[in-house]
Amino acid sequence: MFKNKKLHYGFLLSMFVFFTLSSFSWAATVLPEVNDIIPDIVDRVSPSVVNVNTSKTMTVTSPFAPFAPFFDQIPEQFQREVPQRGIGTGFIFREDGYIITNNHVVEGADEIKVTLLDGREFSGKVIGADSLTDIAVVKVEAENLPTLSLGDSDTARVGEFVVAIGNPYGLSHTVTMGVLSAKGRAVPSGDSGQEYENFLQTDAAINPGNSGGPLLNLDGEVIGINTAIIPFAQGVGFAIPINMAKNLLEPLIEAGKVVRSWIGVYLQDLTPDMIQQFGLTEPKGALIADVVPNSPASKAGIQRGDVILKIDNQEVVNTSVFHSLIRDKKPGNQVILSIWRDNQVKEFRVTLEELTTDEVISSELSPDLKLGF
């Protein structure tokens, strides 16, 4: 019996040594390869990554202004204009001077200065911006600039290595590495009630100033635009999928904006309790939590508490599917909504309108609800 135990422990020890040596062998093979790949990527792409420095003028009121809270207008002698500076990142995607960055980096800027890795500086001009996706295109007057290749964010795999390059806190061309932590994240935007959808999540370090910079795969292709972080969290950053940006670049360059259809509803995904409460037979659909007054939905007779089952005979599985189906439509198009109301299906014909900034409003609904399209 004792002899068998010794043989057993000997076998386990030998297997432990085998797998340990195998792990060291794997690390010795893979890590040097990764250690070469990352610097090669950085050398190749850094010339296409730019620092974006902005300034805008803000009017501030002196705290010594007499009875300031009691007057609608403060006397000019108690007001002064001060410059506010901002930093961000961008990357060149066309050699004739077209740069992608975040809208929040350049929004409201009086002056934009773009600095390349080689020290060259250019004045930038916003030629197109979209606040709903936080994407902007900046143009500089230059030719034959180095560009980055736009990859395919749909085929990016969770767990793969990614590299971020940016200008955090003004530290030019800082490189960080991590993995793609998740895909399809929904990220709320402050107090606006808006929720950005389908973000990439990464643990590559992203800080203020990284906004607008590229998130790259190991082929050196851009798969995301670094955009947001969760304050006080570590290793939780978010990037706009590059495939989303690709679809917007042409309208941003051609028209300066993205024309979207608007139906005027606030939606909520159905919970199991809601499915039972509404008497639905399948866990599909999008609950209308509110309807914007005088919107296309309101004009068509859509009501709060309706459940959207289909758009033009295409199933609405959840709110994300509804949004994607509406985005494919143009203003002026008519759509037929199949609505579940009072335990029966009713159809409503809705004429879509163009979404304007005035219609992107906050709702009194709870903050976990998506902004309607």
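The values are calculated or read from the model by the stated rules, or taken from the named source; none is laboratory data. All figures in this text were calculated on a predicted structure; none of them were measured in a lab. Cβ sites come from the backbone with ideal geometry, for glycine too, and all protein chains shown count toward neighbours. Surface accessibility is based on the protein's heavy atoms, side chains included, excluding ligands, DNA and RNA. Shrake-Rupley method; radii C 1.70, N 1.55, O 1.52, S 1.80 Å.
Tabulated results
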{"read-out": "Residue tally, condition modelled with pLDDT under 90 and not hydrophobic (A, V, I, L, M, F, W, C), over segment 227-250", "value": "4"}
{"read-out": "Leading residue by the ranking (modelled with the lowest pLDDT) among those in segment 192-207 that are in a loop (DSSP other than H, G, I, E, B) and polar (S, T, N, Q)", "value": "Ser192"}
{"read-out": "Residues being part of a loop (DSSP other than H, G, I, E, B) and free of Cβ contacts under 8 Å to residues at least 12 places away in the same chain - total across segment 212-264", "value": "5"}
{"read-out": "Whichever residue in segment 310-320 is out of contact with any helix residue (DSSP H, G or I) (no Cβ under 8 Å at 6 or more places or on another chain) and on the phi < 0 side of the Ramachandran plot and, among such residues, is least open to solvent (accessible area, probe 1.4 Å)", "value": "Thr319"}
{"read-out": "Residue match in segment 299-308 (condition: on the phi > 0 side of the Ramachandran plot and touching a Phe, Trp or Tyr at 6+ places or on another chain (Cβ under 8 Å))", "value": "yes"}
{"read-out": "Positions within segment 115-135 being modelled with pLDDT of 95 or more, open to solvent by less than 30 Å² (accessible area, probe 1.4 Å) and not hydrophobic (A, V, I, L, M, F, W, C), in sequence order", "value": "Thr115, Gly124, Gly128"}
{"read-out": "Of residues in segment 275-309 being of a type in the set (Ser, Thr, Tyr) and open to solvent by 10 Å² or more (accessible area, probe 1.4 Å), the one farthest from Leu325 (Cα to Cα)", "value": "Thr281"}
{"read-out": "Among the residues listed as Thr357, Thr319, the single one being modelled with pLDDT under 90, under 28 Å from Gly256 (Cβ atoms) and among the polar types (S, T, N, Q)", "value": "Thr357"}
{"read-out": "Long-range neighbours under 8 Å by Cβ, at least six apart or interchain, first residue in contact (Cβ under 8 Å) with a residue 60 or more places away in the chain within segment 278-304, second among the β-branched types (Val, Ile, Thr) and part of a loop (DSSP other than H, G, I, E, B)", "value": "Val292/Ile361; Ser295/Ile263"}
{"read-out": "Answer residue from segment 175-191, given it is modelled with pLDDT of 95 or more and β-branched (Val, Ile, Thr) and is nearest to Pro47 (Cα to Cα) among those", "value": "Val175"}
{"read-out": "Odd one out for Val291 among (1) over 22 Å from Thr133 (Cα atoms); (2) within 23 Å of the chain's Cα centre (by Cα)", "value": "(2)"}
{"read-out": "Residue match in segment 168-176 (condition: open to solvent by 10 Å² or more (accessible area, probe 1.4 Å), at positive phi and either acidic (Asp, Glu) or touching a Lys or Arg at 6+ places or on another chain (Cβ under 6 Å) (or both))", "value": "no"}
{"read-out": "Test result for Leu325, part of a helix (DSSP H, G or I), at pLDDT below 95, open to solvent by 10 Å² or more (accessible area, probe 1.4 Å) and under 15 Å from Ile263 (Cα atoms)", "value": "yes"}
{"read-out": "Leading residue by the ranking (nearest to Ala205 (Cα to Cα)) among those in segment 231-260 that are surrounded by fewer than 21 Cβ atoms within 10 Å (Cβ to Cβ) and among the small types (Gly, Ala, Ser)", "value": "Gly235"}
{"read-out": "From Ile112, Ile87, residue being at pLDDT 95 or above and in contact with a helix residue (DSSP H, G or I) (Cβ under 8 Å, 6 or more places away or on another chain)", "value": "Ile112"}
